[in-house]
Amino acid sequence: QAAARKQQERRAQAGAAPAGGPAGGAPAGGPYVVDVTDQTFNTEVVERSQTVPVLVDFWADWCGPCKQLGPILEKLATEAAGKWILAKVDIDANPQLGAYMQQMGVRGIPFVAAVVAGQLLPFLNGAAPEPQVRQAIDQLFEALRQEGILPEPPPGEEAAAGEAAAPAGSVYSEAEDALQRGDLDGAKAAFERILAGNPRDGQAKQGLALVELSLRVERLDPERTVQEAAEKPGDVQAQIHAADVEMVSGRIEDAFGRLLTAVRGSAGDDRDAARTHLLSLFELLPPDDPRVAKARRSLQSALF
């Protein structure tokens, strides 16, 4: 009841109709704005973020800037119509989440975090005018999209996206036959044709990534490649080659760690090359592999 009262008060301050208003419908923001508590945070935010990004607004009734930023976020969430969800956390009513915010090193509110695929990223600290908030959100999601961090769409959406794709069964057989013959170039061409028809085909993505890795490594001397990387720690290309060798030999965490170190220790084109190559290596494993999840978290920390 207290949470509901606070929600009504907040929406009234924002100039919106309170929940259960004349229209008799949902609160302002509809399903796109939710109040979360210590008890519901995991379900409403962490689990939900596996399928849609969630922005978490940490606020309090005594915080003046919060009353400026909150209505802006609610308006933008409503405009986004489900592309992302806004979760509101009253830190006074939810001490565990308030303490968690402080553990992140945040000392003031309003504070907004982005939660994507279960991972929390600090986003905004302090209030800002609507145009700046809108631009910051657009830039955040564009950066996450480029990093390959945004969650995949729900299965129904994915199926709909591939409805017009040509049947891939025969092309899969062609790819498998080519692999059995040792024809890596032929297998690569077959997987590329599948992805041209359905870019979201996870099996074809993984197959193509494996073939491309094999093509790269067959031109390398494994022992010499790793030795050169040790001799030239600042050479990003040397680290990329060594990571490929480690992947082929099953040293997956070593490969991921090597490229994460390269991302942290480089800038510009070198940093982008290390980041892009690391993302390509993620395609070699199932998306729910814990080693991929751990490396994605480390990559987010290195980039943001």
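Given a cut-off of under 8 Å on Cα pairs at least six residues apart, what relative contact order in percent is computed for segment 33-126?
Details: 157 pairs, mean separation 38.2, N = 94.
Across segment 33-126, relative contact order equals 41 percent.
Would you mind giving the three semi-axes, in whole Å and largest first, of the ellipsoid equivalent to segment 221-269 according to its Cα gyration tensor?
Working from the Cα gyration tensor, I get semi-axes of 17, 13, 7 Å.
Between Gln146 and Glu192, what is the label-point separation in nm under the 7 Å Cα-to-beta-carbon projection?
Placing both labels 7 Å along Cα→Cβ, they lie 2.5 nm apart.
Taking the alpha-carbon distance from Lys67 and a cut-off under 19 Å, which lysines remain once sequence neighbours fewer than 8 residues away in the same chain are dropped?
Here the lysines satisfying the reach criterion relative to Lys67 are Lys6, Lys75, Lys88.
To make sure I understand the rule: partners must be lysines, Cα under 27 Å from the Cα of Lys232, and not fewer than 8 residues away in the same chain. Which ones qualify?
Candidates past the 8-residue exclusion: Lys294.
What are the ³J(HN,Hα) values, in whole Hz, obtained from phi via the Karplus relation 6.51 cos²θ - 1.76 cosθ + 1.60 with θ = phi - 60°, for each residue of segment 90-105 in sequence order, with x given for Gly and Pro?
7, 5, 6, 7, 9, x, 5, 6, x, 5, 4, 4, 5, 5, 6, x
For labels at Asp269 and Lys294 in the simple 7 Å Cα→Cβ model, what's the distance in nm?
3.4 nm
Given a 1.4 Å probe and the protein chains all in place, what does the accessible area of Met101 round to, in Å² to the nearest 10?
10 Å²
Given axes a ≥ b ≥ c from the Cα gyration tensor, I'd like to know whether segment 220-303 is rounded (a/c under 1.5), prolate (a/b larger than b/c) or oblate.
oblate
The values are calculated or read from the model by the stated rules, or taken from the named source; none is laboratory data. Since we're looking at a predicted model, the values are computed, not measured. Virtual Cβ from ideal backbone geometry, glycine too; neighbours counted across all protein chains shown. Keep in mind that these areas ignore ligands, DNA and RNA; they rest on the heavy atoms of the full protein, side chains included. Shrake-Rupley method; radii C 1.70, N 1.55, O 1.52, S 1.80 Å.
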